[in-house]
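Q: Here it is, the structure in full.
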Amino acid sequence: MRGRAFDIVTVAAAALALAFLTLPLIALFTQVPLTDVPDLLGDPVVKDAITVTLKTNLIADALILLLGTPTAFLLARRSFRGKALVVTLVELPLVLPPAVAGIALLAAFGRGGLFGDGLADAGIVLPFTEWAVVLAVAFVAAPFYVRQAIAAFGAVDPQLPAAARTLGASPWRTFRRIDLPLAASGLAAGAVLAFARGVGEFGATIVFAGSVRGETQTLTLGIYDQLESNFDAAIAIGILLVALSGAVLLGVKILASWRSSTSTSALPFGPTRSASA
């Protein structure tokens, strides 16, 4: 009898949680006919927001991959004094309130900020430009990639790169031919999560970059802008972002499945001709 009561309570709690999490999304998709969504997304204001979002996020993701990959590799493979502090600093933007992230970027790169005056003297003004959007996105999204990349590199059997080094491979070739291929699925999952986080960024962007149509107004800022002037367009943007988020989650699950099914027992490294290759 007690077991049955427990089952009833857990099922009821799960049903309430599922209803709470899904009903707002269902309501979103029923506010406007889905057949009208393409036309609403074709509005010039929305198209400008899509263009800015894609452009700034692609640039930010390129920077995240370029700098985040070696950072994650270092943190995954090296032990050094202060490592916990470094990891904490890398992860800190995950828990910062978005407005605080924006203010921090202003304090660093705005006029009168830590680097702002020096940049201004060099003719570089970052706040309220597209580059401000790029920096805001990179700041809040990078930890999603770096954390996943640390786990991906850490999951690679250390005996495999050690064996490659024993065979005469250079550190660069070992990294390129061993570590990167074996960590690829985890890195891809981190990149997808970072992209999704960047697309959904709002607080840091509006504080540091503002919301200028065609220059700094992203999709999330476009929703806020359209709430009063064109509510249906705001709904259409919301539907687009929900669809994108769902695709991201599905993609991460597929990548995780691929990662778990990929064997690390084989060495994806051909014979080396020289240690300097």
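Please treat every number below as a calculation from the coordinates, not as lab data. All figures in this text were calculated on a predicted structure; none of them were measured in a lab. Note that each Cβ is placed from the backbone with ideal geometry, even for glycine, and that neighbours are counted across all protein chains shown.
Q: Using the 10 angstrom Cβ neighbour count as an exposure proxy, how do GLU228, GLU201 rank, fewest first?
A: Listed from fewest to most nearby Cβ atoms, that is GLU228, GLU201.
Q: Among residues other than SER170 whose Cβ falls under 11 Å from its Cβ, what is the net charge (Lys/Arg +1, Asp/Glu -1)?
A: Surrounding charge for SER170 is +4.
Q: Between the alpha-carbon centers of region 58-83 and region 1-48, tell me the distance in whole angstrom.
A: Each part reduced to its Cα centre gives a spacing of 36 Å.
Q: Here's something else I'd like to know. Between VAL212 and LEU89, what is the FRET efficiency for a Förster distance of 45 Å, r being their Cβ-Cβ separation, to the nearest 0.05?
A: 0.90
Q: Taking the Cβ of each residue in ASP36, ASP61 as the centre, tally the other Cβ atoms inside 10 Å and list the residues starting with the fewest.
A: Arranged by neighbour count, lowest to highest, ASP36, ASP61 become ASP36, ASP61.
Q: Residues in region 118-153, backbone N under 15 Å from the label point at LEU58 (7 Å along the Cα-to-beta-carbon vector): list them, ranges by number please.
A: What the label zone holds, given the 15 Å backbone N cut-off, is 134.
Q: Hey, with R₀ at 51 Å, roughly what FRET efficiency would PHE80 and ASP39 work out to, going by the Cβ-Cβ distance, to 0.05?
A: So the FRET efficiency works out to roughly 0.35.
Q: Applying a 10 Å radius around every beta-carbon, put 69-80, 47-58, 7-18 in order of their mean neighbour count, most first.
A: Descending packing order for the listed peptides: 47-58, 69-80, 7-18.
Q: What does the charge add up to near GLY42, with Lys and Arg as +1, Asp and Glu as -1, over the other residues with Cβ less than 12 Å from its Cβ?
A: Net charge around GLY42: -3.
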